[in-house]
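What follows is a set of notes on a single structure, which appears directly below.
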Amino acid sequence: YNNGVDPSFDTNARGAAAAGLRVGAYIYSYATTTAAAEQEADFVLNLIKGYPISYPVVIDVEAPEMNAMTPDQLAAVINAFCKKIESAGYYPMVYTNDYWLSSKINMSKVHYDVWAARYDVKPSYSGAALWQATNQGQVNGISGNVDINFVLKDFSEKLPANRWRLIDGKWYYYKNY
């Protein structure tokens, strides 16, 4: 987030891939313009190009800086980020909570999959691809609370293991992610 990298990203991404788990990437966005969203996309693309990304690349739109934006402006920011991620050969997605989906973003202009957060009950947003059901889950081997998410869509066909990706003007071929 904010051009900073989670200090555990490398360890977690490589460890998850080595354990046979699907690996995606996520950015908490502060973008209030399409240009800033594209810069965040470039930041993420340069960060993940050396990792076996086999799951969506996600933009989280719910930062306080975005509160004053119109629903159309938020949709444009989401689309700018997602288009750049998709053009590079990754599978983009937007993450936000049920309230933002229904009240803050013009979702009729966003044609990317959604990861919806709503704790304790399924999201009211229809068509969510992922659902974050709690942030107080427990997982053996991890101390403290963790997010628990449910996959509601099969991404297999959307995320081929072998593909070309265009990052920062250079082509990369990925075999088995």
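The values are calculated or read from the model by the stated rules, or taken from the named source; none is laboratory data. These figures come from a predicted structure and were not determined experimentally. All Cβ positions, glycine included, derive from the backbone under ideal geometry; neighbour counts span all protein chains shown. Surface accessibility is based on the protein's heavy atoms, side chains included, excluding ligands, DNA and RNA. Shrake-Rupley method; radii C 1.70, N 1.55, O 1.52, S 1.80 Å.
Just a few scattered comments:
- Accessible area per residue for segment 1-108, computed on protein heavy atoms with a 1.4 Å probe, is 45 Å².
- For the chain, a simple Cβ point-charge model (Lys and Arg +1, Asp and Glu -1, everything else neutral) yields a dipole of about 560 debye relative to the Cα centre.
- Fraction of accessible area attributable to carbon and sulfur, the chain (%, probe 1.4 Å): 49
- Positive-end residue of 111, 75, 137, charge dipole of the chain with Cβ unit charges: 111
- Against the set [x] 21; [y] 32; [z] 16, the structure's computed percent of Cα pairs over 28 Å apart falls on [x].
- In order along segment 79-89, the phi-based Karplus estimate (6.51 cos²θ - 1.76 cosθ + 1.60, θ = phi - 60°) of 3J(HN,Hα) comes to 5, 5, 4, 5, 4, 5, 5, 5, 4, 7, x Hz; Gly and Pro are listed as x.
- All aspartates and glutamates inside 20 Å of residue 170 as judged from Cα atoms, apart from same-chain residues fewer than 8 positions distant: 38, 40, 42, 86
- Per-residue 3J(HN,Hα) values for segment 56-71, derived from phi via the Karplus relation 6.51 cos²θ - 1.76 cosθ + 1.60 with θ = phi - 60°, read x, 9, 10, 10, 9, 10, 6, 5, x, 4, 8, 4, 7, 6, 7, x Hz in sequence order (x marks Gly and Pro).
- For the chain, built as a Gaussian network whose Cα springs stay under 10 Å, the top-fluctuating residue of 36, 68, 13: 68
- Taking all Cα pairs closer than 8 Å and separated by 6 or more residues, the relative contact order of segment 22-177 comes to 20 percent.
- In order through segment 106-121: 3J(HN,Hα) via Karplus (6.51 cos²θ - 1.76 cosθ + 1.60), integer Hz, x for Gly, Pro: 7, 5, 5, 9, 9, 10, 10, 5, 10, 10, 9, 9, 7, 7, 6, 9
- Over 18 Å (Cα to Cα) - which of 153/175; 83/109; 49/175; 49/84 fall in this group: 153/175
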